[in-house]
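We did not get these values from a lab; they are worked out from the coordinates using the rules stated. None of these values were measured; they are calculated from a predicted model. Quick reminder, even Gly has a Cβ in these numbers, built from the backbone with ideal geometry, and neighbours come from all protein chains shown.
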Amino acid sequence: MNKTQLVDAVAAKAKLTKVDAKKAVDAFIGVTAASLKKGDRLALIGFGSFFVAKRGARTGRNPRTGATLKIAAKKVVRFKPGAELNAIVK
């Protein structure tokens, strides 16, 4: 499902116009990004949690040449699904 399909589904489920649903989806994405940028955790009970984790520096390998290279440490976004979401997917 892409963003357009998500907006259409939200509009149909919540009985909103597509314009209002797009505003809601964009607002959710914006608030989530801002929260994660500050280092906060975003927990949606029954759905899951978004959080920022640190990935340590490591060595990698160029597949074309086989040469080793250093990959710098960085922050990455993680998602941990909630119990209810896991139960639905099973």
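Size descriptors for the chain: radius of gyration and Dmax over Cα atoms are 18.3, 56 Å. Measuring between alpha carbons in the structure, the pairs from LYS3/LYS75; LYS23/LYS54; LYS3/LYS80; LYS37/LYS90; LYS15/LYS74 lying more than 29 angstrom apart are LYS23/LYS54; LYS37/LYS90; LYS15/LYS74. Charge dipole (Cα centre; +1 on Lys/Arg Cβ, -1 on Asp/Glu Cβ; no other charges) of the stretch 1-40 amounts to roughly 40 debye.
For the stretch 1-40, the gyration tensor built on C-alpha atoms gives a prolate shape. Its axis ratio a/c (a ≥ b ≥ c) is at least 1.5, and a/b is the larger of a/b and b/c. Here LYS15, LYS75 are placed in order of increasing Cβ neighbour count within 10 Å, fewest first, which gives LYS15, LYS75.
What net charge do the residues around LYS74 carry, taking every other residue with its C-beta under 11 Å from that of LYS74, with Lys and Arg at +1 and Asp and Glu at -1?
+4
Sparse packing (at most 14 other Cβ atoms within 10 Å of the Cβ) combined with a DSSP loop state is found for the following chymotrypsin sites (Phe, Trp or Tyr not before Pro) in the chain: PHE47.
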